[in-house]
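Everything below concerns the one structure shown next.
Only the coordinates and a few stated rules stand behind these numbers; no lab work does. On a predicted model such as this, the values are computed, not experimentally measured, just so you know. Glycine also receives a Cβ, built like all others from the backbone with ideal geometry; neighbour counts cover every protein chain displayed.
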Amino acid sequence: MEKNCLTKPSKRPVAWGEIKLLLLDCDGVLTDGRIIYGEARQELKHFHGHDGMGFLLLKYTEMQTGVITGRKSEALERRCSDLHIQHLHQGVHNKLQCLDELLAKLNLDYRHVVYMGDDWNDVPVMRKVAFSATPADAQPDVQKIADWVAEHNGGHGAVRDLINHILVHKGIYEKTVKLYLEDIC
Ligand SMILES: [Mg+2]
């Protein structure tokens with residue numbers, strides 16, 4: 001761990017045009033953090049429709065999406081498949097190492113990445129990427145390290161807040177919504 005891992009890193013202003021990859025933690029970000037243990041080792045999770053619509057909007061952009069999580073669940077696998085999330089990494093102990101390997105594979109750099117996490121296991125990645133975000137109910141000390149705090153809690157629209165933020169700052173929000181509406185009208 002870096003000595004200054006507990007402090008907010010100084011970063012260059014975000015070049016939003018260069019942002020190409022949205023990565024997320026699962027528990028506490030895509031979900032409210034609760035994990036329901038069912039029979040036969042089944043795990044149930046709550047996801048939010050507003051986040052889902054955000055991913056559908058991203059299909060009309062050149063952004064890639066992914067999830068890096070320490071746990072493993074079939075529910076998340078199904079959710080990622082439904083939302084066309086391209087990069088799913090489950091059972092990850094070292095998220096920064098996972099990110100480095102993914103970036104090497106995609107020929108991308110930290111400057112291309114937005115990441116949302118809610119707890120200490122996300123902080124090494126949050127410190128490195130171009131723009132780090134966190135839900136409104138993330139751990140308070142993690143919020144201090146993040147570049148941006150969403151209006152909503154994890155599992156209650158925090159990811160949609162972030163997707164809207166990215167689209168607005170890229171200057172493609174209206175164009176993207178229009179493309180989506182043209183497709184369904
Ligand atoms: Mg988490």
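Quick look at the numbers
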{"quantity": "Distance histogram for the chain (every C-alpha pair counted, 5 angstrom bins, percent rounded to whole numbers)", "calculated": "1, 8, 17, 21, 22, 16, 8, 4, 1, 0, 0"}
{"quantity": "Net lengthening on full extension, E62/A136 (0.36 nm per residue, minus Cα-Cα)", "calculated": "23.9 nm"}
{"quantity": "Span from the segment 42-78 Cα centroid across to the segment 132-182 one, whole angstrom", "calculated": "14"}
{"quantity": "Interchain or long-range residues, amide H under 5 Å from D32's placed H", "calculated": "H46"}
{"quantity": "Under 11 Å, Cβ to Cβ, from A136 - net charge with Lys/Arg +1 and Asp/Glu -1", "calculated": "-4"}
{"quantity": "Coarse-grained scattering of segment 74-145 at q = 0.13, 0.15, 0.26 Å⁻¹, given as base-10 log I(q)/I(0) from a Debye sum over alpha-carbon atoms", "calculated": "-0.42, -0.56, -1.25"}
